[in-house]
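To start, the structure under review is shown below, and the notes come after it.
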Amino acid sequence: MRTQVAIIGGGPSGLLLSQLLKTRGISSVVLERRTRDYVLGRIRAGVLEEGIVSLMREAGVSERLDREGIIHNGVSISYGSDEIHIDITRLTGATVTVYGQTELTRDLYDAAEADPGRVLTEATDVQPHDIETDRPYITFTHDGAEHRLDCDYIAGCDGFHGVSRQQIPASKRREFEKTYPFGWMGILSETAPVSHEVHYANSDQGFALCSMRNQHLSRYYVQCPLTDKVEQWSDARFWDEFKRRIPERLADTLITGPSIEKSIAPLRSFVSEPMRWGRLFLCGDAAHIVPPTGAKGLNTAASDVHYLYHALVAFYGDGNPDALEAYSDKALARVWKAERFSWWMTSLLHRFPDQTDFDLRVQQAEVAFLRENEAAQKVLAENYVGLPY
Ligand code: APR
Ligand code: PHB
């Protein structure tokens, strides 16, 4: 088998890159380890920057997103009963769109059905070879047979646990990591969202987040100890905790109901440099992770895809490899700004087990400053809607 760009991983990064390349007549094959249903069973965040919405349009897969995505012009933050509304559209001229990552991924899988063989699921033992030469290839197992896929370039879009990052020699790779002493317990419930905008709450009981997927489907989270297990969180316990953490105004109107999904995720910041080695390019979670406060995970994956897509288009257009060579630096410059923002939002909005009274006062002062200072709100808004590509 031969293709121009071999893509490891059929999450949103790999599928979007493949779909975009197709629009420019550049061939690709996506190798995904799991089944489509498994990938679509993962519930992830749901706030899209304008950048990824534009990429979905350019890829010709935005019909449902344009119809069902909910445009938001603001976001709110509370500290106890003190609420701050950030009017992101007035401050930046931009909006964010609420549309689940799962739905976006489904749209990309559906579009791929038009080209049999472009996305291979249940491709196992995926192993890149000769990435430091100009003839890289990948070996893998599919339908019980071993295959070899020759290509010009490899895109490593295989998430945090993938094989791609490991191909960069350990002596040439630098990893930066920060773990947080809590996780997020999240539920999906078929109830009307309590807030028409995304609401981040810091309270004496810890962090809570009110989000949504549509007018009838709510997505809510609470900060929990890392040692907690989902089984310890009955629906009743979740609603009880959640209500105590959001402002009374919201708690009073909250509609509760049975959860249809429940999961706990740890919070982590992680970056691996460089994002390119020879003919291998890393995109998305394969190279970096952000804590979800700020909703930057998918959006940062999308900016990588944007840079790599344009670099490949430039190369296949006129043979100029400059943009491919600049990929790692360009992607990392934006990644680190998203890392900073996500760390800042996480620090501002959570209660840390080792937080001193001094730390708490500083956190309160920062929230007060944000409430009173339009420049501070603008900084938050500009980051929230997404920095330019
Ligand atoms: N071979 C083939 N596929 C693999 C391998 C492998 N060795 N290892 C992992 N994969 C697949 C996974 O099964 C997964 O479907 O790669 C895919 C990676 O998808 P994601 O983890 O969703 O990563 P990415 O596409 O970069 O999306 C980033 O997802 O995790 C969220 O917060 C993150 O929203 C962000 C987005
Ligand atoms: C979500 O809707 O799941 C969501 C929203 C905002 C975040 C994280 C997750 O910051």
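Below is a table of values for the structure above.
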| read-out | value |
| --- | --- |
| Structure-based [θ]222 nm, the chain - -39500 (n - 2.57) summed over DSSP H runs of at least 4, per residue, nearest 500 | -11500 deg cm²/dmol |
| Distance violations [Cα-Cα > 26 Å] among K178/K243; K172/K330; K262/K378; K22/K262; K22/K337; K172/K337 | K178/K243; K262/K378; K22/K262; K22/K337 |
| The chain: relative contact order as a whole-number percent, Cα under 8 Å and 6+ apart | 20 |
| Carbon plus sulfur fraction of accessible area for the chain, probe 1.4 Å, in percent | 49 |
| Pair-distance profile P(r), taking every C-alpha pair of segment 77-229, with 5 angstrom steps and integer % | 2, 6, 10, 12, 13, 12, 12, 12, 11, 7, 3, 1, 0 |
| Assigned charges on the beta-carbon of Lys, Arg, Asp, Glu; segment 287-343 dipole about Cα centre (debye) | 360 |
| Local electrostatic count at D304 - Lys and Arg +1, Asp and Glu -1, tallied over other residues with Cβ under 15 Å | 0 |
| Radius of gyration and Dmax over the Cα atoms of segment 59-141, both given in Å | 21.0, 61 |
| Sequence-separation-based contact order of segment 237-296, relative, with Cα cut under 8 Å and 6+ spacing, percent | 27 |
| Heavy atoms of W277: accessible area, 1.4 Å probe, square angstrom to 10 | 60 |
| Residue with peak Gaussian network fluctuation, the chain [Cα springs, cutoff 10 Å], from A295, A208, A251 | A251 |
| Whether segment 213-265 is rounded, prolate or oblate, judged on the alpha carbon gyration tensor where a/c under 1.5 counts as rounded | oblate |
| Per-peptide average of other Cβ atoms within 10 Å, ordering 103-110, 124-131, 313-320 highest first | 103-110, 124-131, 313-320 |
| Antiparallel content of DSSP bridges confined to the chain, in %, to 5 | 75 |
| Proximal charge balance of K378 [Cβ under 12 Å; K/R count +1, D/E count -1] | -2 |
| Using alpha-carbon coordinates, inclination of helix 357-372 to the longest axis of the chain, degrees | 80 |
| For segment 22-156, accessible area per residue (1.4 Å probe, heavy atoms of protein chains only), Å² | 45 |
| Calculated P(r) tail over 20 Å for segment 1-107, as whole % of Cα pairs | 51 |
| Whole-angstrom gap from segment 41-105 to segment 308-365, using each part's C-alpha centre | 18 |
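The values are calculated or read from the model by the stated rules, or taken from the named source; none is laboratory data. What you see is a predicted model, and the numbers here were worked out from it, not measured in a lab. Neighbour counts run over all protein chains shown; Cβ positions are idealised from the backbone, glycine included. For accessibility, only protein heavy atoms count, side chains too; no ligands or nucleic acids. Shrake-Rupley method; radii C 1.70, N 1.55, O 1.52, S 1.80 Å.
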